[in-house]
1. So in the stretch 154-165, with the set limited to residues that are assigned to a helix (DSSP H, G or I) and out of contact with any helix residue (DSSP H, G or I) (no Cβ under 6 Å at 6 or more places or on another chain), which one is nearest to GLU72 (Cα to Cα)?
2. Using beta carbons and a limit of 6 Å, which pairs, at least six apart or on different chains, have the first residue in the stretch 34-58 and among the aromatic types (Phe, Trp, Tyr) and the second one assigned to a helix (DSSP H, G or I)?
3. Condition test on SER66, is it out of contact with any His (no Cβ under 9 Å at 6 or more places or on another chain), without any contact (Cβ under 8 Å) to a residue 12 or more places away in the chain, loosely packed, with under 14 Cβ neighbours inside 10 Å and not acidic (Asp, Glu)?
4. For the stretch 125-144, state whether one or more residues are in contact with a Pro (Cβ under 7 Å, 6 or more places away or on another chain) and at pLDDT 80 or above.
5. Filter the stretch 166-225 down to residues that are assigned to a helix (DSSP H, G or I) and basic (Lys, Arg) and give me whichever is farthest from ARG75 (Cα to Cα).
6. Would you be able to say whether some residue in the stretch 48-59 is under 10 Å from the mean Cα position of the chain (by Cα), in a helix (DSSP H, G or I), among the hydroxyl-bearing types (Ser, Thr, Tyr) and under 22 Å from ALA5 (Cβ atoms)?
7. Conditions: (1) closer than 29 Å to PRO158 by Cα; (2) part of a helix (DSSP H, G or I). LEU88 meets all but one. Number of the miss?
8. Only one of (1) at pLDDT below 85; (2) farther than 21 Å from LEU145 by Cβ; (3) hydroxyl-bearing (Ser, Thr, Tyr) fails for THR69. Which number is that?
Amino acid sequence: MATAATVAFVHTVLGPDHYLPFIVLSRARGWSVVKTIWITLLCGIGHVGSSIVLGAIGIGAGIGLSKLTGIESLRGNIAAWAILAFGLIYTVWGIRRAIINKPHKHFHAHDDGTIHVHDHTHQNSHDHEQVRNMTPWILFIIFVLGPCEPLIPLLIYPAAQNSTWGIIQVSLVFSIITILTMIVLVVLASYGLKMVKFGRLERYTHALAGAAISLSGFAILFLGL
């Protein structure tokens, strides 16, 4: 149990994909703390749940550890490329939105000779609403695809002892520690990031969020994080 808890914590902290997308999207999209926690929780459940299901099927079917870890590795590559692609697409969308919403001045002349000036932006609220509704679901799908690589080897030991209760315990401990670590990191970093003022770069927060997500995908694929 101690090994499962330790591995879950270290695995989560060292994997930026476990928390960075939620942190930057929470800041860019203006999610409340409660909404951020719920989205992180659901994605965390999908993340560990998919590996538990795969491990249970593999153990029940007598599939060897090497094959199971190979499947998890393949899923990990798919998820990493999905994160990278999502980040790049979101970056392009964020840049486009920033350009469209560039503030400009409108001048209005009144009958008495006074001139009124106000700033104006052209914001596509329909486009923004669609992306807002899709983003949590895209994250959830990516996290379901993303495996918890250390979990399968941890499940093999109690399985080899024919201990069903041991398998359940390992799964529960690993899942709880992983999800709690995700939530704590996301909430703490989100609070800190919400206090940062970007000034004129504020309208580029979506593009910056997409770039940060892309970097986390890049780090997984090419730096082994």
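The values are calculated or read from the model by the stated rules, or taken from the named source; none is laboratory data. Here the structure is a predicted model, which means the values were calculated and not measured. No Cβ is skipped: glycine too gets one built from the backbone with ideal geometry, and neighbour counts run over all protein chains shown.
1. Within the stretch 154-165, the first condition is being assigned to a helix (DSSP H, G or I), and the residues that meet it are 154-160, 164-165.
Filter again for out of contact with any helix residue (DSSP H, G or I) (no Cβ under 6 Å at 6 or more places or on another chain), leaving 157, 160, 164-165.
Numbers: TYR157: 18, ALA160: 20, THR164: 22, TRP165: 23 Å.
Filtering the stretch 154-165 for residues that are assigned to a helix (DSSP H, G or I) and out of contact with any helix residue (DSSP H, G or I) (no Cβ under 6 Å at 6 or more places or on another chain), the one nearest to GLU72 (Cα to Cα) comes out as TYR157.
2. none
3. Taking the combined requirement at face value, the residue satisfies it.
4. Yes, there is a match, as at least one residue in the stretch 125-144 is in contact with a Pro (Cβ under 7 Å, 6 or more places away or on another chain) and at pLDDT 80 or above.
5. Just the residues of the stretch 166-225 that are assigned to a helix (DSSP H, G or I), to begin with: 166-194, 199-223.
Applying the additional criterion that residues be basic (Lys, Arg) yields 194, 200, 203.
Numbers: LYS194: 33, ARG200: 40, ARG203: 35 Å.
Among those that are assigned to a helix (DSSP H, G or I) and basic (Lys, Arg), it is ARG200.
6. Going residue by residue through the stretch 48-59, those that are under 10 Å from the mean Cα position of the chain (by Cα) are none.
No; the residues of the stretch 48-59 include none that is under 10 Å from the mean Cα position of the chain (by Cα), in a helix (DSSP H, G or I), among the hydroxyl-bearing types (Ser, Thr, Tyr) and under 22 Å from ALA5 (Cβ atoms).
7. Failed condition: (1).
8. (2)
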